[in-house]
1. So is Tyr485 assigned to a helix (DSSP H, G or I), over 30 Å from Gln180 (Cβ atoms) and aromatic (Phe, Trp, Tyr) or not?
2. Could you tell me whether Ala442 is over 23 Å from Phe362 (Cα atoms), free of Cβ contacts under 8 Å to residues at least 40 places away in the same chain and either surrounded by 21 or more Cβ atoms within 10 Å (Cβ to Cβ) or among the hydrophobic types (A, V, I, L, M, F, W, C) (or both)?
3. Applying the selection to segment 214-232, what residues are buried (at least 16 other Cβ atoms within 10 Å of the Cβ) and in a loop (DSSP other than H, G, I, E, B)?
4. Name, by its number, the condition in (1) over 30 Å from Met576 (Cα atoms); (2) of a type outside the set (Ser, Thr, Tyr); (3) touching a Ser or Thr at 6+ places or on another chain (Cβ under 9 Å) that does not hold for Ala483.
5. Only one residue in Ala162, Ala170 is outside the structural domain of Ala494 (by TED's automatic domain parsing), over 24 Å from Val463 (Cβ atoms), more than 21 Å from the chain's Cα centre (by Cα) and at pLDDT below 85, so which one is that?
6. Which condition from (1) at pLDDT 85 or above; (2) not in a loop (DSSP other than H, G, I, E, B) is the one that Ala387 breaks?
7. Looking at (1) touching a residue at least 60 places away in the same chain (Cβ under 8 Å); (2) under 30 Å from the mean Cα position of the chain (by Cα); (3) farther than 30 Å from Leu467 by Cα, which one does Cys566 not meet, given that it meets all the others?
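The values are calculated or read from the model by the stated rules, or taken from the named source; none is laboratory data. Note that the structure is predicted; figures quoted are calculated from it, not measured. When we count neighbours, we look across all protein chains shown, and the Cβ atoms used for this are built from the backbone with ideal geometry, even at glycine.
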Amino acid sequence: MDDIHSEEPVLSKPQHDVGSDKIITMDEMASQDVEGNSTGRRISDHSLQEGVKNIEAVSMIWSKWGLIAAYASIFLIAFSVSLEGQVVQSLSVFATSSFNNHSLISTVYVVQGVLTFEAVIKSPMAKVADVFGRLQAFTFSILLYVLGYIQMATSSNVQTFAAAQIFYSAGNTGIQILTQILIADTSNLLNRALWSSLPDVPFLITVWIGSIIGNDILKTTTWRWGYGMWCIILPALFLPLALTLFSNNQKAKRLGLTSSSQFKGMRVLKALKTVWFELDVGGIVLLGGAFSLILIPLTLASKTKGGWHDGGIIAMLVIGFVLLVIFPLWESWKRAAPRPLIPLHLFNRTFCAGCGLGFFYFMVFYLSVQPYFYSYLLVVQNKSVTAAGHITQTFSFTSTAASIVISLVIKYTGIYQPFVVLGSIIYLVGIGLMIQYRSIGASTGAIVGTQIVVGIGGGMLNVPAQLGVQASTNHQHVAIATAVYLTCVEIGGAVGSAISGAVWGKNIPVKLAEYLPEANKVNASAIYNNINNALIYPVGSPARDAVNRAYQETMHNLLIIAICVCVPVLLLACLMRNYDLKGMGEQVRGRVVGGTVERGSKVGERRYGTFWSWKLDKDKGKDVRRDTLDCEG
């Protein structure tokens, strides 16, 4: 049992090549990539990194209740993170105000925003999970998260509070990506879209109760406890998942399904060299530096005196794009990166189309919904703070509900790509309706209705597109594929936000100076810089009409850009391959949601799909792997 992963499965039945009429065997499928292109080599278990081997070994001996406990803990963690985000949003202004110094915090939030993107966290954390293990990576993220909140809760000045945001952001982003990776590890393709929506479900509740809890905290205690309590809550909710992973890993070790650590017995220099190559530290530095130097200028350009003409902004962008060009060259250099952070063979048609779709999808969101729709509702539509918040959140609420429904449909139809295309069409139509109905004098029902349409489209395309990206690769690379997809989504949001800021910053001051009555033109700058100065003018007054016109015309410009950017979403959706998920071999071995594993004489439940099952012979110290094909019922 020293190398159980090296045994080849016994051929049981021929399989249909997805997307064609050709019949191929399981052995032939093993020598092809998921896109159906011949690679000339088998994707063997020798290429799996230690973290992937360990999670597959754990999957071999999952009990039903162990898997239930793991998913229950995932849901509780997601609920905690979601609620925490809503609660502290209402506390942050009181925290920063207590220091009587706001000058530094805006810059630090910019860095936090970059950390939230994949540039520094997502892909490296996925790589850590592949090399050291899911439990180790999760524990590391929880530790960073707790350290950040401890530092925030005990901070005595704005510098300490600002530095804490970096730890918090790193831990929070790590938890998000690792949750999706663990779901991919423990579910088959038919069920994955549904369970990938699990971390979003709490949002349906927390979006309405978060601010209420935040206000109650301020009434009964201080803002410090509003931060500090999460240092207790999140580790407690993580404990069931940690114990489940740890205990199953120990069982797998006792059964000989895992090998000893590759670092065992190594000298320090040898271990450091191994870590360097296994993590691809060079690739992490290049990619992290590239995206940091590109994303930070996108956020800071509107805040610097010289704007896009500032020498520092230009220098960062140039160096960032140079590093981005060097990155694929580094990744293709086998001596420098034998275990590349993002293997270039991942870039097949479906992977590239899916990641591109995610980029443009979120870019459109940050042109049409965030960050200025809330301000538009307050000023042009004269909505209250509560009403404006609820209308703005309609998209996220609707898209979450839509993603759950469409994931159930995918589970029972076994296809995903048509729903991505349909969602893209609905998304495009929704933006068009926004152009028509997001106007001065529009009814609340019309405005909310457009948000619902766009939310349905977004929910139908986002999670299924992620599923397509995951289906286009094997289990060794599913973590990094997921990280790259989520990265593209986040970067699309950053680019969309930068464009929105540039359009808003260029148009509003000019239009205010043009439309305001002569007596109010002197206040144009103050109105632009502070929304409260716009709201002091009564509705119907010439000054308020001028402000509304400036806001309305600028919002119309943003929506025109959004619908143009939305067209590639539909085109890229059409480029993704329409995998038959029921006919595809499973990426993950062992007991998974929707799959089964046979241990001894006990046979698991029948499910959809092809899966690996194992029969362990403890007495002889051997194992027999069999490839089986079960159908529902």
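1. Details: assigned to a helix (DSSP H, G or I): yes; over 30 Å from Gln180 (Cβ atoms): no; aromatic (Phe, Trp, Tyr): yes.
It is false that Tyr485 is assigned to a helix (DSSP H, G or I), over 30 Å from Gln180 (Cβ atoms) and aromatic (Phe, Trp, Tyr).
2. Details: over 23 Å from Phe362 (Cα atoms): yes; free of Cβ contacts under 8 Å to residues at least 40 places away in the same chain: no; either surrounded by 21 or more Cβ atoms within 10 Å (Cβ to Cβ) or among the hydrophobic types (A, V, I, L, M, F, W, C) (or both): yes.
No; evaluated as a whole, the condition is false for this residue.
3. Met229 - this is the single residue of segment 214-232 that is buried (at least 16 other Cβ atoms within 10 Å of the Cβ) and in a loop (DSSP other than H, G, I, E, B).
4. It is condition (1) that Ala483 fails.
5. Values: Ala170 fails: more than 21 Å from the chain's Cα centre (by Cα).
Selected residue: Ala162, the only one of Ala162, Ala170 that is outside the structural domain of Ala494 (by TED's automatic domain parsing), over 24 Å from Val463 (Cβ atoms), more than 21 Å from the chain's Cα centre (by Cα) and at pLDDT below 85.
6. (1)
7. (3)
Residue-wise test of (1) small (Gly, Ala, Ser); (2) touching a Cys at 6+ places or on another chain (Cβ under 6 Å); (3) buried (at least 20 other Cβ atoms within 10 Å of the Cβ); (4) at positive phi.
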position: Trp333; (1), (2), (3), (4): no, no, no, no
position: Ile342; (1), (2), (3), (4): no, no, yes, no
position: His345; (1), (2), (3), (4): no, no, no, no
position: Thr350; (1), (2), (3), (4): no, no, yes, no
position: Ala353; (1), (2), (3), (4): yes, no, yes, no
position: Leu357; (1), (2), (3), (4): no, no, yes, no
